[in-house]
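Take a look at the structure set out below.
The values are calculated or read from the model by the stated rules, or taken from the named source; none is laboratory data. What you are looking at is a predicted structure, and each value in this text was computed from that prediction instead of being measured. Positions of Cβ are backbone-derived with ideal geometry, glycine not excepted, and every protein chain shown enters the neighbour counts. Ligands, DNA and RNA are stripped out before the accessible areas are found, and what is left, the full protein with its side chains, is counted by its heavy atoms. Shrake-Rupley method; radii C 1.70, N 1.55, O 1.52, S 1.80 Å.
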Amino acid sequence: MSALQLTQTQSDLPYIHGFSATEQARLVRQARFSEAMVYRDVDFSGVQKLLEVGCGVGAQTEILLRRFPEVDITGLDFSQRQLAVARQRLQGSPEHGRATLLHMDAEDLDFPPASFDGAFLCWILEHVHSPERVLAEVRRVLKPGARLYATEAMNATFFLAPYSANLQKYWMAFNDHQLSVGGDPFVGAKLGNILMRLGFRHVETQVKTWHLDSREPHRRQQVLDYWTELLLSAADQLIEAGRVDAELVESMTKELRLLRSDPELVFFYSFMQASAVV
């Protein structure tokens, strides 16, 4: 989820998955499903005050609280609707007292300089109009020596075999639409350049990959189910925008069902994780 200018309406935002209860539940499943890969190299040891940009429904917040029991988290998001869900979710957690969730613009953070010991961003920069401005603001509010982790999409890497023409056509429309509304489905590959321009030190990037075939059929099935949900979450917006029609969505869905039963299915997707120090 992104934290954008408060004067914008939700329809103006480059978040193409919608804000329904179904989508909110998908975000929680997404966070739990990808947890092992996302957090494998994330280390907030010694961090007391952590900034989470784009906390959305609190899906990553839950994980951060559990994994780093010494950390107090300030999470922010543009959507009051998402924040309400996040607050309700965290209320049932024994760690909820360590989380403060705020309605705020990520491009103009309402914090003084050097307010936080660390920062965490996950699947947000693809959904904002100016990733560089967001990261500049994050740098401003971090203390010297603080570490940032940003995990972001690199959608050019998506590949499935056997080749499925309607799926690929839909995927191209998905990315074209995200670009047209001001997002960036390829921002992950650009993180190193952006962080260097902003003056971060010790900038490192990692490519994290799902490459699954018949050697891990159960895991492959989980990944395909996860991605089926993700793809379909944007269908209504893509139809409304004229990028696809209902016939293409149905044809893509049929191809996904066929892939699900194919013992030779190959799934490949890479995303990027950057770390840097102020």
Hits in region 1-36 (condition: modelled with pLDDT of 75 or more, of a type in the set (A, V, I, L, M) and under 13 Å from the mean Cα position of the chain (by Cα)): 27, 28, 31
Scan region 55-72 and report the pairs whose first residue is closer than 21 Å to residue 106 by Cβ and whose second residue is open to solvent by less than 10 Å² (accessible area, probe 1.4 Å) and part of a loop (DSSP other than H, G, I, E, B), with Cβ atoms within less than 6 Å and a gap of 6+ or a chain change. 61/55; 71/44
Test of understanding: among 206, 178, which residue is surrounded by 20 or more Cβ atoms within 10 Å (Cβ to Cβ) and under 18 Å from the mean Cα position of the chain (by Cα)? 178
Among 239, 194, which is the only one that is among the aliphatic types (A, V, I, L, M) and either modelled with pLDDT under 95 or touching a Leu at 6+ places or on another chain (Cβ under 7 Å) (or both)? 194
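For every residue, the table says whether it meets (1) of a type outside the set (S, T, N, Q); (2) more than 20 Å from residue 73 (Cβ to Cβ); (3) touching a helix residue (DSSP H, G or I) at 6+ places or on another chain (Cβ under 7 Å).
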residue	(1), (2), (3)
25	yes, yes, no
28	yes, no, yes
39	yes, no, yes
46	yes, no, no
53	yes, no, yes
Test result for residue 91, open to solvent by 20 Å² or more (accessible area, probe 1.4 Å), touching a strand residue (DSSP E or B) at 6+ places or on another chain (Cβ under 7 Å), farther than 23 Å from residue 277 by Cα and at pLDDT below 95: no
Would you tally the residues in region 228-261 being aliphatic (A, V, I, L, M) and outside any helix (DSSP H, G or I)? 3
Name every residue in region 209-249 that is open to solvent by 30 Å² or more (accessible area, probe 1.4 Å) and closer than 30 Å to residue 118 by Cα, in order of residue number. 209
Say we look at region 250-278 and pick out the residues that are surrounded by fewer than 19 Cβ atoms within 10 Å (Cβ to Cβ) and among the hydrophobic types (A, V, I, L, M, F, W, C); which of these is nearest to residue 208 (Cα to Cα)? 268
Starting from region 126-152, take each residue that is in contact (Cβ under 8 Å) with a residue 24 or more places away in the chain and more than 28 Å from residue 180 (Cα to Cα) and list its partners that are open to solvent by less than 30 Å² (accessible area, probe 1.4 Å) and assigned to a helix (DSSP H, G or I), counting only C-beta distances under 7 angstrom and pairs at least six apart or across chains. 148/138
